[in-house]
Amino acid sequence: MAGLVTTFGAGAMTNSIGEIRDADVLFVIGSNTTEAHPIIAMEMKRAVHRGATLIVADPRSINLTSFASRHLKLRPGTDVWLLNAMAHVICAEGLVDADFIETNTEGFDAVRETVARYTPEEAEKVTGVPADDIRWAARAYATTPKAGIYYTLGITEHTHGTDNVYGLANLVLMTGHLGKPSAGMNPLRGQNNVQGANDAGATPIFYPGYQRVDDPEVAARYEKSWGVPLPREPGLNLNVMMKETGRSIRGMFVMGEDIVLSEPNAGALEERMNGLEFLVIQEIFLNETARFADVILPGACFAEKDGVFTNSERRVQRVRKAVEPPGQAKADWEAVLALANAVAEKRGLTPWRYDGPAAIYAEMAKDADKFAGISHDRVDREGGLQWPCTSPEHPGTRFLHEGGVLRGKGLFTAIEYRPSVELADPEYPLVLSTGRTLYHYNAATQTRRGVGLAEKQPVAFCEIHPADARARSIEQGDLVEVETRRGKVACRAMVSRQVRRGCIWMPLHFAEARANLLTVDDGDIVTQTAEYKVCAAKVTRVAEQPAERDAFPGSFYAVAGPEQGTIH
Amino acid sequence: MSSQNPKRVPEEASDPSLSVTLDGETVDARPGETILELAERHGKDIPTLCHDPRLAPAGACRSCLVEVEGSRRLIPSCATPVADGQVVTTANDRIARHQKVLLALYLADQPDFAARGETPGGAQACELHAMADAVGAPTDWPKMEPLRVGREDRNPYVQFFPEACILCARCTRYCAEIESVSAISLAGRGAETTIATADDVSLLDSSCELCGGCIDVCPTGAMTEKMPVTAGRRGHVEPEKVVRTTCNYCGVGCQMDLHVEPAANDGRGRIERVVSPEAGTTTNDGNLCVKGRFAYDFVDHEDRLTTPLIRAEDGSLREASWDEALARTVEGLMGVHERHGADALAFVSSSRCTMEENYLVQKMARAVFGTNNVHQCAAT
């Protein structure tokens, strides 16, 4: 998100989900869309059926690669090489949109000079993607007006995540694929309300609507609005908070996240958690983090409360109460309100009064131009609205940057390749990436409690290439131990050519085989987002009971046949 | 794959250049649209069973036949493009007679649900029976024993009742054209034609991703939700309460309708089904995935937290009142605040919670505790 704000002036999908089916080129990178965003994948597949060209860049052969014209199967963590080499081709072959660059951007010359050194042939050596494929992809992307880029955490969850985003943004800016339908740069948000949580100011540097906390004018406005003096220094972001837990951070409030399952290098985090003097969590189930909590407040799930979620395409949509929360559980806004007022009373501050989520939304919209035209009433009447929506008459915005980049000038950023922090070595010879599957969701406290999903995908597993498996005498379904410098977990081996040789992949969902005991917590230099996608690992077979027969029923990935080809 | 082009309705902006006479009235038609689309735009109510705006026309069910001047036979409006100078009639005695016969034949190939004391349809209502009622189709034609057979399938979500299937192939076309997994297909010949997976394996062992789109598009309830069937309920019951909301899983923001039984769970209410809104009305275009459509049983799970809990001296958790839990929380957080300062506190809010809740958490961190150490959990 930081990369997008820097480059374009807004951190969100530039275009809309409904435009995907009309795109002529779709460049999907670092996104296993069919599993993480199934409905968006349906739109992509509809585009392909219509005749669109799909280019997938991913270290794994994901489901979407079977629909792709080309699959750029790059080595994990080498995205900058791939993207710079594509930019190299676009510049060298004169495929840039010179008018757009002249009118709407700044900083192009530095990028052109940098990417001149990133030839496709050199890129092939680093990324493993054939130079011809890089050329082909660059040409297809640059020469098609309706060409959109779609990415997710495969781009951002690296120590060079912001660089990856800059690399993509450079492609968008040099080709002018911005400010028109079915184009742009589109981060697909992983959770229902990632966009809304950011929009609402749940970040250490922004008040609602991306207004900086260290801007004196903004702070003064909020001090007036809220009637209290406010801190002017940006706070710690999540990854730093986690590293400072038990050190400078001594008390913590956590709402709706299982931090010791979801945060990287969880073993070390757990040790630091013991240094907290007080932890309160607000949850709907007892999760792993609850083991460290002093107080646990029972929250309500989406079907038990009112409010709004904002989706990936900046669309504010209603969440409506359908059933009552169980027992004494309360909607989270009620719980936070009660807590804030209890503290306010103790500190002699004026208590807050809201008669419901609509009033809370109205207060937020009042001080944030981007959402000023949106209200519960209006969403109830008209359906979802996409910000920016600055007045009650404003129809909302389907795609950003129409008639000029929001920031004024789109900013090119020259980037150099930096290897991931932990590379494979003789002791830990495999590269581990982690991710999500279709059948479970994050900490899986919800999905593993359903009958059906647990049946489809019952056990924790690790994908490993047949050659790597053979070298370790591992067969399909064997119990294996995956170990990194930070920890080890046991799970079932899924022998599969979907992963590259030398690479393994694990889902993050399983509490009994927490992938995040293994991951590194080194973060991106700008966002501090941790590198969930690359660390060094080793895998050994554990002599134990034989696997259950049906560990992976109907799995797309556990194919025994030859490597899936793509249409060239 | 190009043969599977999804039906594209031309955009409003495209130049209307064709002139068609529709039920005696001259109207502008858009090049590329079908007679059905033209008629629907002009408020005509042509019955359809196999039609879905997301799918390429199949012309399979014959319920949308209309009269076109110059054509001896009635023609399927869903699969016939408009043409300049075309003269179309959507309703007259001949068409009404055709509809009655067609639907009577369909009913003859269906079980006698009334005699069984059952309501037709699955968890969803039966469009076929409703349409037969609407056109006044005779219901007393001799019944034929359906020859279609199904398969044993241990999947937990999708139930197939072959007897109710009319082979409109909406489900198999949806599976191929929209979900694009082609897990099910028409199989067999003649009266034995049915819907099957390759080798009749369970959907769990097929390429099926359990999105349930086959249920959503089925006009008769032949494809239906298995959970009510497993619980011993068959046939459609009008939901007492329908709540439009937003899915709580990924960031697509699918709209969904929760069908709720308000009296269940001692008056707390229970979600009975999740249904996607009509195609073309929301971002998800009538689609849902396996999690959105089926993964809601966590809501009523016995593991839900129902009361505040406090860590006791011995390290165990004990139940507490809200007042006690809040007092303990204030003491805990303010204690850290007093001992180490505001920036020794950290607030993690949630990308899973509402915008209003995130707003309150950041406001609480900043205005009440005096720190900017607040971040939502999905920080990238």
Radius 12 Å from Cβ of A:GLY94, net charge of other residues (Lys, Arg +1; Asp, Glu -1): 0
Candidate aspartates and glutamates for bridging to A:LYS346, where Cα separation is under 17 Å - those fewer than 8 sequence places away on the same chain excluded: B:ASP323, B:GLU324, B:GLU331, B:GLU338
DSSP-defined antiparallel bridges as percent of all bridges, the range A:2-184, nearest 5: 0
Cα-Cα over 32 Å, subset of A:LYS366/B:LYS291; A:LYS73/A:LYS456; A:LYS180/B:LYS241; A:LYS73/A:LYS538: A:LYS366/B:LYS291; A:LYS180/B:LYS241
Prolate/oblate/rounded label for the range B:341-380 (Cα gyration tensor, a/c 1.5): oblate
Segment B:GLU25-B:HIS42, extension gain: residue separation times 0.36 nm, minus the distance between their alpha carbons: 5.1 nm
Sites B:ARG116 and B:ALA91 - FRET efficiency at Förster radius 45 Å, r taken between beta-carbons, to 0.05: 0.85
Cα gyration tensor, the range A:1-80 - rounded (a/c under 1.5), prolate or oblate: oblate
Label-point separation, A:THR350 to B:ALA264 (7 Å along Cα→Cβ), nm: 4.6
For B:LEU22, distant residues with modelled amide H under 5 Å away: B:VAL27, B:VAL88
Signed unit charges on C-beta, dipole axis of the range A:80-228, positive-most listed residue A:GLY128, A:LEU83, A:PRO145: A:PRO145
Set of lysines near B:LYS143 by C-alpha distance (under 23 Å), chain-local residues within fewer than 8 positions excluded: B:LYS100
Reachable lysines, given that their alpha-carbon falls under 17 Å from the alpha-carbon of A:LYS45 and they are not under 8 places away in the same chain: A:LYS146, B:LYS7
Sites matching trypsin sites (Lys or Arg not before Pro) across the range A:318-424 that sit in DSSP coil, with at most 10 neighbouring C-beta atoms within 10 Å: A:ARG353
Trypsin sites (Lys or Arg not before Pro) within the range A:90-193, DSSP loop, no more than 15 other Cβ atoms inside 10 Å: A:ARG117
Under 5 Å, built H, 5+ apart or other chain: amide partners of B:LYS241: B:VAL260
Within chain B, longest stretch clear of exposed GluC sites (Glu not before Pro) (DSSP loop, no more than 13 other Cβ within 10 Å): B:153-239
Loop GluC sites (Glu not before Pro), the range A:71-133, which have at most 14 other Cβ atoms in a 10 Å radius of their Cβ (DSSP): A:GLU93
For B:THR90, net neighbour charge (Lys/Arg +1, Asp/Glu -1) across residues whose Cβ lies under 9 Å away: -2
Counted charge near A:GLU283, where neighbours are those whose Cβ lies closer than 14 Å (Asp, Glu -1; Lys, Arg +1): -3
Accessible area of the range A:2-184 belonging to carbon and sulfur atoms, whole % at 1.4 Å probe: 48
Heavy-atom accessible surface of the range B:281-337: percent carbon and sulfur, 1.4 Å: 45
Distance (nanometres) between label positions extended 7 Å along Cα→Cβ at A:GLU393 and B:ARG72: 6.2
Integer Hz, Karplus 6.51/-1.76/1.60 couplings in order for the range B:322-331, x for Gly and Pro: 4, 4, 5, 5, 5, 4, 5, 5, 4, 4
DSSP bridge pairs, chain A: antiparallel proportion in percent, nearest 5: 40
Under Karplus coefficients 6.51, -1.76 and 1.60, residue-wise ³J(HN,Hα) of the range A:500-505 in Hz, glycine/proline x: 5, 4, x, 10, 10, 9
Most mobile listed residue (B:GLY221, B:GLY85, B:GLY150) in chain B, GNM with C-alpha springs under 10 Å: B:GLY85
Alpha-carbon centroids, the range A:447-503 and the range A:182-256: separation in whole Å: 37
Solvent-accessible area buried by A and B, counting both chains, probe 1.4 angstrom, square angstrom: 11800
Chain A: proportion of alpha-carbon pairs further apart than 44 angstrom, %: 17
Protein accessible area in the range A:279-369, 1.4 Å probe - carbon and sulfur %: 46
Per-residue ³J(HN,Hα) for the range B:358-369, Karplus 6.51 cos²θ - 1.76 cosθ + 1.60, θ = phi - 60°, Hz, x for Gly and Pro: 5, 4, 5, 5, 5, 5, 4, 4, 7, 8, 9, 9
Highest-MSF residue in chain B out of B:ASN92, B:ASN358, B:ASN155 [GNM, Cα springs under 10 Å]: B:ASN358
Mean Cα-pair separation over length for the range B:118-237, i.e. relative contact order, pairs under 8 Å, 6 or more apart, %: 43
Per residue value of the accessible surface for the protein assembly as shown (all protein chains in place, 1.4 Å probe), Å²: 36
Long-range HN-HN contacts of B:GLN110 with modeled amide H, under 5 Å: B:MET144
Rounded to 5, percent antiparallel among DSSP beta bridges of the protein assembly as shown: 55
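The values are calculated or read from the model by the stated rules, or taken from the named source; none is laboratory data. What you see is a predicted model, and the numbers here were worked out from it, not measured in a lab. Because the Cβ atoms are built from the backbone with ideal geometry, glycine has one as well, and the counts that use them run over all protein chains shown. Heavy atoms of the whole protein, side chains included, go into the accessibility calculation; ligands, DNA and RNA do not. Shrake-Rupley method; radii C 1.70, N 1.55, O 1.52, S 1.80 Å.
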